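The values are calculated or read from the model by the stated rules, or taken from the named source; none is laboratory data. Just so we're clear, the structure is a prediction, and the values are computed from it rather than from any experiment. Please note: Cβ atoms are built from the backbone with ideal geometry, for glycine as well, and neighbour counts cover all protein chains shown.
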Protein chains: 2
Amino acid sequence: MPEKVTIADVARQAGVSRQTVSNVLNAPELVREETRERVRQAVEQLGYRVNQAARRMRTGRSRLLAVRIERTQDGMNVFDRFLHGLTESAAKAGYRVILYSADDDRSEIATFDDLLGAYEPDAFVLTSTHYGDVRTSWLEERGLAFVTFGRPWGTPDGGGHPWVDVDGAAGTAAATRRLAGAGHRRIGYIGWQEGSGVGDDRRSGWARTMKDLSGTTTGDTDGDKSGDTGVLERRTDGSTAEGEAAARELIAAGATALVCVSDSVALGATQAGVPVVGFDDTPVAAAIGLTSLSQPLSEAAACCVEVLTGRLDAPDGGSPGDGPPDHVLLEPSLVIRRTA
Amino acid sequence: MPEKVTIADVARQAGVSRQTVSNVLNAPELVREETRERVRQAVEQLGYRVNQAARRMRTGRSRLLAVRIERTQDGMNVFDRFLHGLTESAAKAGYRVILYSADDDRSEIATFDDLLGAYEPDAFVLTSTHYGDVRTSWLEERGLAFVTFGRPWGTPDGGGHPWVDVDGAAGTAAATRRLAGAGHRRIGYIGWQEGSGVGDDRRSGWARTMKDLSGTTTGDTDGDKSGDTGVLERRTDGSTAEGEAAARELIAAGATALVCVSDSVALGATQAGVPVVGFDDTPVAAAIGLTSLSQPLSEAAACCVEVLTGRLDAPDGGSPGDGPPDHVLLEPSLVIRRTA
């Protein structure tokens, strides 16, 4: 590996601080002529290539993609896999990932603003989209480039901005069919409270498949709660404890197998002794032998980078709204283990 | 929340692209006089505060801390907690975290170089320190600011550079004492292969405590393998499968309880039916009721930021080697669950 000359090498050679070298390169008027000359000689002797960051400033491109790091709840999420994939894909495309944290939409928007002022990221990658998501409209109004990992829930046209997501409904449908294939007909569903786009999506795959199985494949699609499925469904706060309680209630109501909205809930449900499928293929699923749905997170991250760089590298500078929107829906895969 | 004016607002107001606004601000010679004037008027009308990034360039400070995102192995690590803590602590101190990935020391050093050329991070946070770690000497030779989360293993004086770490030996000692307090005397240890600083450290707490328990509290500290402890120890590749095999061998050799180097190994060991303590308090430990040692990762991350900002904000510009080195060793805590 050829070792490039750094600002610290120049500082050592010239016998000055890094700060002084930086001043000579960026604000020479702050530095005495004698010192300036010494630093310039060192730059020349060492062959220091001046300040790519400054060059990038001049091009108006920071080569930074900003993404929020999610707070770990019970640790049973897979966001770190997405973030690793994003970091790798971004680097291949010549970008780096800059992190921020935020507790809610409003503090996230305040952080957008702070980041734009201080670092000028070329684009944002938003995660955990939800109904009434004000973050995306804030970015759209300002013509800023972004992609969401997660669909724009609650917008009838599927949202005009670029997004990448995993098809949760296809996942729970596959899980339900798998259990039906093993002879189960009364397959229960343990979900989250209403109001979660991801939760509603995952529920819909089970409900649709149950309707298909019961032979009522025609008719309105809003009738999911009619007939058997209403009895065979419980909503929870997402905790393992409520997952176990819900499983016992559903089994008492006649369920012989369970599809769950998450591995956390499924972990509780496995205590009730019937076949169970979880969602997210967490390390816990692998540890306890839980059959679970795995999201293709590296692929999702790569798609996010591809969608963004396609726009950023467009000749007009890549404001969203130009060109067709990019909407990518990936399929999860069922990882079969002991519980189903 | 007062909404700040962004470069996109200026672009819209002036009817030009963001690129053009950036050019006017940073390389006005590239822009026609008429356009320049239009952008300048928009800047004035909107009260756009010119380009903090450019200001930061002039101060020679990027306000970026670079950290590697670790590859998830079996997912049973807790790096995401450290990274979240680092992002939050850095933001409070006025810094942001920029991510990179790397497969080995040499590719990481190449990435240092690339980052320094393109983004000029003010400092690096290195994780997963190990014997013969060439990354730290590379950074030290160049006078670059950094802190390691992890001790400089194999350097007799404990290393001159700043580091923050968690006292693994204190953790396994506490675990061993806990099992001894429950009446166990033949307490086995399941570790990793030799050559891991972290592994050797965790092993030493068990070995030292076993020696204390056997009454041979005096004598050389290198004699850990004499007497009982050698029989009661197995080294593994860190997998759950080898953890289970090792546990069965140790129980056959008379062990009545087990201290493990990781939750992955401990997960296997729990199959053998004796009390087990793991290490890292992963979500899997919580899920299966595994007693485990928890690292104070938010605190460790906060310490890393504190050590760095103490140096970066020093009057001389903060080259390492000035002032006393900062070495912070934190205690893990034992999270008691069903298995011990």
Right, B:VAL97: within 21 Å of B:ASP200 (Cα to Cα) and within 12 Å of chain A (Cβ to nearest Cβ) or not? no
Count of region A:176-194 residues which are of a type outside the set (A, V, I, L, M), closer than 10 Å to A:THR256 by Cα and assigned to a strand (DSSP E or B): 1
Since B:GLU70 meets every condition but one in (1) at the interface with chain A (Cβ under 9 Å from one of its Cβ atoms); (2) surrounded by fewer than 18 Cβ atoms within 10 Å (Cβ to Cβ); (3) modelled with pLDDT of 90 or more, which condition does it not meet? (3)
In region B:106-134, anything more than 10 Å from chain A (Cβ to nearest Cβ), assigned to a helix (DSSP H, G or I) and crowded, with 16+ Cβ neighbours inside 10 Å is listed as B:GLU108
Residue list for region A:234-251, filter: in contact with a strand residue (DSSP E or B) (Cβ under 9 Å, 6 or more places away or on another chain), surrounded by fewer than 18 Cβ atoms within 10 Å (Cβ to Cβ) and either touching a residue at least 60 places away in the same chain (Cβ under 8 Å) or assigned to a loop (DSSP other than H, G, I, E, B) (or both): A:ASP237
More than 10 Å from every other protein chain (Cβ to nearest Cβ), buried (at least 21 other Cβ atoms within 10 Å of the Cβ), at pLDDT below 95 and in a loop (DSSP other than H, G, I, E, B): which single residue out of B:PRO156, B:PRO152 fits that description? B:PRO152
Single residue of region A:73-82 satisfying the filter (crowded, with 18+ Cβ neighbours inside 10 Å and assigned to a loop (DSSP other than H, G, I, E, B)) that is nearest to the other protein chains (Cβ to nearest Cβ): A:GLY75
From the list B:LEU293, B:LEU312, which residue is away from every other protein chain (no Cβ under 11 Å), more than 20 Å from A:VAL78 (Cα to Cα) and not β-branched (Val, Ile, Thr)? B:LEU293
Can you pull out every residue in region A:271-287 that is in a helix (DSSP H, G or I) and either basic (Lys, Arg) or within 14 Å of chain B (Cβ to nearest Cβ) (or both)? A:GLN271, A:PRO283, A:VAL284, A:ALA285, A:ALA286, A:ALA287
Given the options B:GLY278, B:GLY254, name the one that is closer than 21 Å to A:SER264 by Cα, modelled with pLDDT of 95 or more and either crowded, with 24+ Cβ neighbours inside 10 Å or of a type outside the set (Lys, Arg) (or both). B:GLY278
Somewhere in region B:24-41, is a residue surrounded by 20 or more Cβ atoms within 10 Å (Cβ to Cβ), assigned to a loop (DSSP other than H, G, I, E, B), modelled with pLDDT under 75 and touching a helix residue (DSSP H, G or I) at 6+ places or on another chain (Cβ under 8 Å)? no
Provide a single number: the residues in region B:84-94 that are more than 16 Å from the chain's Cα centre (by Cα) and within 7 Å of another protein chain (Cβ to nearest Cβ). 1
Of these, A:ARG63, A:ARG56, which one is touching a Lys or Arg at 6+ places or on another chain (Cβ under 7 Å), within 8 Å of chain B (Cβ to nearest Cβ), within 30 Å of B:VAL21 (Cα to Cα) and at pLDDT 80 or above? A:ARG63
Exactly one of (1) outside any loop (DSSP other than H, G, I, E, B); (2) in contact with a strand residue (DSSP E or B) (Cβ under 8 Å, 6 or more places away or on another chain); (3) not assigned by TED's automatic domain parsing to the domain that holds B:ASN77 is unmet by B:SER204. Its number? (2)
Could you list all residues from region A:137-149 that are away from every other protein chain (no Cβ under 12 Å) and either on the phi > 0 side of the Ramachandran plot or surrounded by 22 or more Cβ atoms within 10 Å (Cβ to Cβ) (or both)? A:VAL147, A:THR148, A:PHE149
